[in-house]
Amino acid sequence: MRVSTLFNKVALFKASAFLIVIALAYLAGTLTPLAITQSQATVPLQYIQVDYMKVPEGNLQKYLEIEKLWRPVHNELITLGKKKAWALYGLPFAGANDEYNYLTLNIFEEFEQMENQYPPEIFSQVHPDKNQEEIDQKTREARTQVRSDVWILVDQIGL
């Protein structure tokens, strides 16, 4: 691979990562104070938990299979009103030296919903033939959660 091609890919990756961070920052309203009450908000209050994951090279298929297993659990939690939404994002052009290459978004309408996010009874209801502790272990083996942030929605148009 030519050096100039490599530099172009690195520059494209950095630009993409920068745009994603800017978009998340804009959506979450990071430029305003966090002490916002429902009466001050221009939109219904939402909390966004962003979990940054590092999936090692060679583990991608394993990780995606684990997320497929968790997807119906998230769906049931949404149906029960315990969270508003869930999403999985992959970082395009990620490299081995990047801090993370995937992230998940969990969106809640109330701060308290972030406590005990995966009650065993919900997991058992969705997957009666699976053991949650074993799936938790397989999840940790498939990826490393490098950090987690909580953002608050301040304002938005669309979506």
Pair list, Cβ < 8 Å and 6+ apart or interchain, from the stretch 114-131 residues that are under 23 Å from Asp149 (Cβ atoms) to residues that are outside any helix (DSSP H, G or I): Met114/Tyr47; Met114/Gln49; Met114/Asn106; Met114/Phe108; Met114/Val150; Gln117/Lys82; Gln117/Lys83; Gln117/Asn106
Any hit, the stretch 89-103, residues being more than 19 Å from Pro56 (Cβ to Cβ), outside any loop (DSSP other than H, G, I, E, B) and in contact (Cβ under 8 Å) with a residue 12 or more places away in the chain: no
Candidates Leu77, Leu91, Leu103, filtered to the one that is more than 18 Å from Asp149 (Cβ to Cβ) and crowded, with 18+ Cβ neighbours inside 10 Å: Leu77
Enumeration of residues in the stretch 106-159 that are within 21 Å of Pro72 (Cα to Cα), in a loop (DSSP other than H, G, I, E, B) and of a type in the set (S, T, N, Q): Asn116, Gln117, Asn131
Some residue of the stretch 66-80 being free of Cβ contacts under 8 Å to residues at least 24 places away in the same chain and assigned to a loop (DSSP other than H, G, I, E, B): no
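Since every read-out is calculated from the coordinates, none of them should be taken as a lab result. Since this is a predicted model, take the numbers as computed values, not measurements. Note: ideal-geometry Cβ built from the backbone for every residue, glycine included; neighbour counts use all protein chains shown.
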